[in-house]
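Since the structure comes first, as structure tokens, the remarks are kept for the end.
The values are calculated or read from the model by the stated rules, or taken from the named source; none is laboratory data. Everything quoted here is computed from the prediction, not taken from an experiment. FYI the Cβ positions are ideal-geometry reconstructions off the backbone, even for glycines, and counts take in every protein chain you see. Protein only, heavy atoms only, side chains kept; ligands, DNA and RNA dropped before computing areas. Shrake-Rupley method; radii C 1.70, N 1.55, O 1.52, S 1.80 Å.
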Amino acid sequence: MRDFSGDHAWLSLNTATVREQRDLLQIIEACARHEIRAISPWRDQVAVVGLEATAAAIRRHGLKLSGYCRGGMFPADAERRQEMRDDNRRAVDEAAALGAPCLVLVVGGLPHLSRPPSAVSHDIALARSQVEDGIAELLDYARVVRMPLAIEPLHPMYAADRACVNTLAHALDICDRLDAERSGALGVAVDVYHVWWDPDLYAGIRRAGRDRLLAFHVCDWLVPTRDLLLDRGMMGDGVIEIRKIRAAVEAEGFAGFSEVEIFSELDWWARPIDEVLTTCIARHKTAV
Ligand code: ZN
């Protein structure tokens, strides 16, 4: 297992962590100031400042990417299926233009909640089959562009509106069905926030192996959690055994960045950007 205690060479900043403080170009400047070597930007942040300007800023500072957020939201009614396809292909193209190692997929939940205004449906089994069909279709395109797709299983509390793939096992089942040859084109993003509770987590990490482990996200689970989406904790402030999970991922050969991804309306989004980044760096050394 790599020793992170002496520096933050393997810290990547998911730029949603400071999305309320600055625009993406300013976040990139701040990362350079704090000698953060990698980021994972969000599409909406890129859209505000422009793809070209983002790519230029990344090049100028010699930054790497640990991923690109995000594609997905596959379930849709018939009227919105083409829009879904086009949107996801654009996400793949943007990820390629920015030099991302993978496009992270938040796969979507029920169609009317993940891709409104689709017709109301409570058929989660149908949503799951649409997810798999959508990934299969996007994978054909992503293989041509050579952009790996990383399915991110989300905590079950998001099954309705964000992702109806809720366990690592389910994500890996999809990977095995669509990419049986383990080509590297399809894998998973392991976010400790979503999977820490799963009794099958470590078996899942072993099953994933190096070929399927495309991204590793860290933050912490606060008790109590005051908001289902926007109350993620700073590493070390909650109950997740982050280091144990990282050890398991690295035992499989994962040697990429550990990406700090904290949505925190009630705390970190309200603090100055330099304080947030300084704290991320300190906790990356002590708690990741
Ligand atoms: Zn994540």
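Report yes if D220 is away from the ligand (no atom under 15 Å from the Cβ), within 17 Å of the chain's Cα centre (by Cα) and surrounded by 15 or more Cβ atoms within 10 Å (Cβ to Cβ), otherwise no.
No: the conditions fail for D220.
Report, by residue number, each residue of region 1-53 that is open to solvent by less than 40 Å² (accessible area, probe 1.4 Å) and either at pLDDT below 95 or in a loop (DSSP other than H, G, I, E, B) (or both).
If the condition is that a residue be open to solvent by less than 40 Å² (accessible area, probe 1.4 Å) and either at pLDDT below 95 or in a loop (DSSP other than H, G, I, E, B) (or both), then F4, H8, A9, Q21, H34, I36, P41, G50 are the ones that fit.
Tell me which residues, restricted to region 180-203, are among the aliphatic types (A, V, I, L, M), within 16 Å of the ligand (Cβ to nearest atom) and either under 16 Å from R70 (Cα atoms) or crowded, with 22+ Cβ neighbours inside 10 Å (or both).
Our first condition is that a residue be among the aliphatic types (A, V, I, L, M); within region 180-203, this holds for 180, 185-186, 188-190, 192, 195, 201, 203.
Add one more test, that the residue is within 16 Å of the ligand (Cβ to nearest atom), and what stays is 188-190, 192, 195, 201.
Once the filter is applied, which keeps residues that are among the aliphatic types (A, V, I, L, M), within 16 Å of the ligand (Cβ to nearest atom) and either under 16 Å from R70 (Cα atoms) or crowded, with 22+ Cβ neighbours inside 10 Å (or both), region 180-203 yields V188, A189, V190, V192, V195.
Could you tell me how many of the residues in region 119-152 are among the hydrophobic types (A, V, I, L, M, F, W, C) and open to solvent by 30 Å² or more (accessible area, probe 1.4 Å)? Give the derivation first.
Filtering region 119-152 down to residues among the hydrophobic types (A, V, I, L, M, F, W, C) leaves 119-120, 124-127, 131, 135-136, 138-139, 142, 144-145, 147, 149-151.
Next, from what is left, pick out any that are open to solvent by 30 Å² or more (accessible area, probe 1.4 Å): 119-120, 124-126, 136, 144-145.
Counting residues in region 119-152 that are among the hydrophobic types (A, V, I, L, M, F, W, C) and open to solvent by 30 Å² or more (accessible area, probe 1.4 Å) gives 8.
In the set A76, A56, which member is surrounded by fewer than 20 Cβ atoms within 10 Å (Cβ to Cβ) and of a type in the set (A, V, I, L, M, F, W, C)? Can you show your working first?
Details: A76 fails: surrounded by fewer than 20 Cβ atoms within 10 Å (Cβ to Cβ).
Going through A76, A56 in turn, just one is surrounded by fewer than 20 Cβ atoms within 10 Å (Cβ to Cβ) and of a type in the set (A, V, I, L, M, F, W, C): A56.
Among residues belonging to region 240-253 that are touching a residue at least 24 places away in the same chain (Cβ under 8 Å) and more than 15 Å from the ligand (Cβ to nearest atom), point out the one that is surrounded by the fewest Cβ atoms within 10 Å (Cβ to Cβ). Quick ask: steps written out before the conclusion?
Here is the first cut: in region 240-253, the residues touching a residue at least 24 places away in the same chain (Cβ under 8 Å) are 240-243, 245-253.
Those left that are additionally more than 15 Å from the ligand (Cβ to nearest atom): 241, 243, 247-248, 250-253.
On the way: E241: 12, R243: 15, A247: 14, A248: 21, E250: 17, A251: 13, E252: 16, G253: 10.
Among those residues, the one meeting the criterion is G253.
Tell me the residue from P101, P116 that is part of a loop (DSSP other than H, G, I, E, B) and exposed (fewer than 15 other Cβ atoms within 10 Å of the Cβ), please. Give the steps one after another, and end with the answer.
Values: P101 fails: exposed (fewer than 15 other Cβ atoms within 10 Å of the Cβ).
Step by step, each of P101, P116 is checked, and only P116 is part of a loop (DSSP other than H, G, I, E, B) and exposed (fewer than 15 other Cβ atoms within 10 Å of the Cβ).
Anything in region 129-183 that is of a type outside the set (A, V, I, L, M), under 21 Å from I205 (Cβ atoms) and touching a Pro at 6+ places or on another chain (Cβ under 6 Å)? List them, or say none.
Passing the criteria: N166, T167.
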